[in-house]
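Enquirer: Handing you a structure now.
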Amino acid sequence: MTKCGHTFCKGCIEEMINRFHRCPLCNQELTAQDIFRNIDFEDLATRIESAKETAVKEYLEGLAQGVVKDFGKEMGSLESVFV
């Protein structure tokens with residue numbers, strides 16, 4: 001997260017600051033000291049990725065067993081990620 005309140009992945013914002021020294025969204029000047037970890041965002045991203053991996057694994061296992069599930073419905077069950 002930047003001091004101007006925008007959230008980016010670490011590698012992306014570091015590259016932008018190294019090249020342009022500005023926030024890509026609001027154009028505010030930034031330095032490496034103006035970047036802070038957004039632990040809540042990192043946790044949410046990890047939960048979503050885990051839920052996605054589980055859903056894909058279950059879908060592929062179902063295909064291998066000849067049981068086709070509604071993948072969209074499986075991915076729609078991400079509400080547990082936000083609890």
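Enquirer: Which of the helices (runs of 4 or more DSSP H) found entirely inside the chain contain at least 1 residues meeting this: modelled with pLDDT under 95, surrounded by 10 or more Cβ atoms within 10 Å (Cβ to Cβ) and out of contact with any helix residue (DSSP H, G or I) (no Cβ under 7 Å at 6 or more places or on another chain)? Spell out the reasoning first.
Expert: Working: elements: 10-20, 39-64, 71-75.
Output list reads 10-20, 39-64.
Enquirer: To continue, here is another question. Could you tell me which residue of the range 12-71 is nearest to Thr2 (Cα to Cα), considering only residues that are β-branched (Val, Ile, Thr) and within 19 Å of the chain's Cα centre (by Cα)? Give the steps one after another, and end with the answer.
Expert: Taking the range 12-71 and keeping what is β-branched (Val, Ile, Thr), we get 13, 17, 31, 35, 39, 46, 48, 54, 56, 67-68.
In the following step, the residues that additionally are within 19 Å of the chain's Cα centre (by Cα) were identified as 13, 35, 39, 46, 48, 54, 56.
On the way: Ile13: 8, Ile35: 5, Ile39: 13, Thr46: 20, Ile48: 22, Thr54: 32, Val56: 33 Å.
Once the filter is applied, the top-ranked residue is Ile35.
The values are calculated or read from the model by the stated rules, or taken from the named source; none is laboratory data. Being a predicted model, the structure only gives us computed values, none of them experimental. Please note: Cβ atoms are built from the backbone with ideal geometry, for glycine as well, and neighbour counts cover all protein chains shown.
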